[in-house]
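S.K.: Let me begin by handing over the structure; questions about it come next.
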Amino acid sequence: MSIFYPVKLLADWLTYSVFLITPKTLLADAVNFFIYDTIKIFILLSVIIFAVSIIRSYLPPEKIRGILSHKSKYTGNVIASLLGIITPFCSCSAIPLFLGFIQAGVPLGTTFSFLVASPMINEVALVLFLGMFGWKIALMYIVSGLIISVLSGMIIGKMKVENLVEPFVYQNTINGNVDLPTMTGKERFIYARDYTLDILKKVWIYILIGIGIGAWIHGYVPANFLAQYAGSGKWYAVPLAVLVGIPLYSNAAGVIPLVSTLTEKGVSVGTTLAFMMSVTALSLPEFMILKKVMKLRLIFIFAGIVAVGITFTGYLFNLILK
Amino acid sequence: MKIQVLGSGCSTCKKLYEITQKAVAELGLNENVEYITDVQKIVAMGLMQSPILAINDKPAMVGFSSDIEKIKRIIQDNK
C-alpha cells in the first residue's frame, strides 16, 4: 500500500461524494487525478524542501568553497556536483558564486561542475519526479545529472580555457576563510520554514496549471496518442526536446507535471528526462548573466558540452527502457 | 554607523534595500542606507550570496529577509 493511500481516499471522496461526478467518466478521471496529484505534490514539496533547507543551513556556499579548495582535481568535481544538489540556484547568485569560487582558488573545472549540478538537480525537480514518475526515474535523473556535471567539469578543466574568463576575475584573489554568523537550532528551523514557504509561494501556481493541463490530457487524450510523434523510435525527439527546453527555465515547476502526462501518452522516458534536464540546466537568463564574467566562447563551450551530455542521456534511456 | 545593502542588482536585493531604509526610519536613526551593486565587494567580504546587509563593513545578515523587525534588531545589535 502506498503511503499516499489516504490521499487517494480523500480524492475519491471529494470527486464522487462531494462534487457528485459519475465515476468512470472522463470528467471524473480528470478531476480525481487533479486532486490526488495536487495534494500529493504539495505534501512532498513541503517535506523535502524543509529537509534540504535544514541540511543547507549547515552547508552554505562559503563552507562548500572551503571544502572544494582543498580537494584534488577529480574528487573536487564529484564533491562539487554533490554539493550542487543542495544549493539552490538563482540567476542573482551566479556571479557571486563564480567569482567567490575562482578567486579563492577553486579550479575552473570544479566550479563548472558546481554550476551545472546546482540548477539541474534541485529539490523542486526532484520532488516532482518522485511524485509524478516514482522513485526509479527520480533516481535516474539524479544519477545521470551527477554524471553530466562531473564529466562537463572535467572536460572544461582539461581544456585549459582560463583565458576565456574575463581578465578582471583573476586579478583579485581573496581569502576563502570567512566567519559566518552561527545559527541556533531555532534559527535553522525558522530559516527552513521560511524558505519552504517562499518556494511554495513561488511555484504553486505553475504546479496547479501544470497538473491542471496534465489532468485534462490524462482524461481526454487517448493513451499512446503521442507515440507516433515522439516515441522512442523517433530519432529527432531527443534533440528537439533539448532545444525546446532551453527557454523554459522559470517554469520548471509547471513543466514536470505536464510532461509526466505526456509520457503516459507515448513520449518515451529518455526524451522526457532530456527535456527536463534541458529546462533546468540550460537556461538563457543564466547564460546572459555569465557573460559578465566570461567570454561568449566559453559560454558556448559550457552549454555545448552540457547539451551533448543531456542528448546522449536521452538516447541512452530510450534505448535501455524500450 | 555605516549601513549598506550589497546585491547583484536583482529584485530581491532592491527589496531588501527598501525594507532596510524603512527599518532605519522606524528606528528613528538619522543614517543613510547605501545600496551597492558591485558584486566584487560581496566577494571581497568572503561571501557568495546575495543580498547582504552589512553594518560598519561587517556582514550582519546574509541572504534575504522580509522581516522588518528582524532587520531592526540586527541594526540595533550591531550599532
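S.K.: Give the lysines whose C-alpha is closer than 20 Å to that of residue A:63, dropping any in the same chain fewer than 8 places away, or say none.
M.R.: Residue A:63 reaches A:71, A:73, B:41, B:58.
S.K.: In addition: Would you work out which of A:129, A:173, A:197 lies farthest towards the positive end of the dipole of region A:98-231? Charges go on Cβ: Lys and Arg +1, Asp and Glu -1.
M.R.: It is A:129.
S.K.: Need one value for B:43-55: mean number of C-beta atoms belonging to other chains within 10 Å of its residues' C-beta atoms. The partial results should precede the final answer.
M.R.: On the way: counts 13, 6, 4, 12, 8, 18, 9, 7, 3, 1, 0, 0, 0.
For this peptide, the per-residue mean of nearby foreign Cβ atoms is 6.
S.K.: Hey, another quick one. Can you figure out the FRET efficiency of residue A:20 with residue A:220, using R₀ = 25 Å and their beta-carbon distance, to the nearest 0.05? Walk me through the intermediate numbers first.
M.R.: On the way: r = 20 Å, r/R0 = 0.82.
That pair, residue A:20 with residue A:220, gives E of 0.75.
S.K.: Treating only the Cα positions of region A:18-147 as identical point scatterers, give the base-10 log of I(q)/I(0) from the Debye formula at each q in 0.13, 0.14, 0.22, 0.23 Å⁻¹.
M.R.: Debye output, listed in q order: -0.62, -0.68, -1.25, -1.31.
S.K.: Size of the dipole of region A:1-144 about the Cα centre, Lys and Arg at +1 and Asp and Glu at -1 on the beta carbon, nothing else charged, in debye to 20?
M.R.: 380 debye
S.K.: Now for a separate question. Work out which chymotrypsin sites (Phe, Trp or Tyr not before Pro) in chain A are exposed loop sites (DSSP not H, G, I, E or B, at most 11 other Cβ within 10 Å) and give the longest gap free of them.
M.R.: A:1-234
S.K.: Rounded to two decimals, what ratio of Rg to Rh does region A:133-247 give with C-alpha atoms and a Kirkwood Rh?
M.R.: Here the Rg-to-Rh quotient is 1.09.
S.K.: For chain A, calculate the relative contact order in percent as a whole number, restricting contacts to Cα pairs under 8 Å that are 6 or more residues apart.
M.R.: 21 percent
S.K.: Right, next: Using a 7 Å offset from the Cα along the Cα-to-Cβ direction at both residue A:74 and residue B:38, what is the distance between the two label points in nm, to one decimal?
M.R.: In this crude label model, residue A:74 to residue B:38 measures out at 4.3 nm.
S.K.: Full extension from residue A:204 to residue A:135: what is 0.36 nm times the residue separation minus their Cα-Cα distance, to one decimal in nm?
M.R.: Extending this stretch completely gives an extra 22.6 nm.
S.K.: If the viscosity is 0.692 mPa s and the temperature 37 °C, what Stokes-Einstein diffusion coefficient in µm²/s follows for region B:1-64 when Rh is the Kirkwood radius over Cα pairs? Write out the running numbers ahead of the final one.
M.R.: On the way: Rh = 11.5 Å.
The diffusion coefficient I find is 285 µm²/s.
S.K.: If you don't mind, there's one more thing I want to ask. For the residue pair residue A:159 and residue A:234, what label-to-label distance in nm results when each label sits 7 Å from Cα along the Cα-to-beta-carbon direction?
M.R.: Result: 3.1 nm between the two label points.
S.K.: Follow-up. With the alpha-carbon atoms as the only input, what is the per residue convex hull volume for region A:206-269 in Å³? Let's see the in-between values first.
M.R.: Working: hull volume 4.3 nm³, N = 64.
In region A:206-269, the Cα hull volume divided by residue count equals 67 Å³.
S.K.: If you take all C-alpha pairs in chain A, what percent of them are over 28 Å apart? If you can, show how the numbers build up before the last one.
M.R.: Details: 22820 of 51681 pairs.
It works out to 44 percent of all Cα pairs.
S.K.: Once both labels are modelled 7 Å past Cα along the beta-carbon direction, what's the residue A:291-residue A:8 spacing in nm?
M.R.: Placing both labels 7 Å along Cα→Cβ, they lie 5.1 nm apart.
S.K.: Give the long-range amide H neighbours of residue B:34: residues separated by 5 or more places, or on another chain, with amide H under 5 Å away, using H modelled in the peptide plane at 1.01 Å from N.
M.R.: B:3, B:4, B:5
S.K.: Which entries of A:292/B:79; A:201/A:265; A:8/A:186 show an alpha-carbon separation above 32 angstrom in the structure shown?
M.R.: A:292/B:79; A:8/A:186
S.K.: OK, next. If contacts are Cα pairs under 8 angstrom and at least 6 residues apart, what is the relative contact order of region A:69-210 in percent?
M.R.: 29 percent
S.K.: From the phi of every residue in region A:182-191, what ³J(HN,Hα) in whole Hz does the Karplus formula 6.51 cos²θ - 1.76 cosθ + 1.60 yield, where θ is phi - 60° and glycine or proline is x?
M.R.: Values, residue by residue: 6, 10, 7, x, 5, 5, 4, 4, 5, 4 Hz.
S.K.: Just to verify a number: FRET efficiency for residue A:186 and residue B:15, C-beta to C-beta distance, R0 = 35 Å, to 0.05?
M.R.: Result of the calculation: an efficiency of 0.90.
A short reminder: the numbers here are calculations on the coordinates, not readings from a lab. Since the structure is predicted, the reported quantities are computational estimates derived from the model, not experimental observations. Here Cβ is always computed from backbone atoms with ideal geometry, including for glycine, and neighbour counts include all displayed protein chains.
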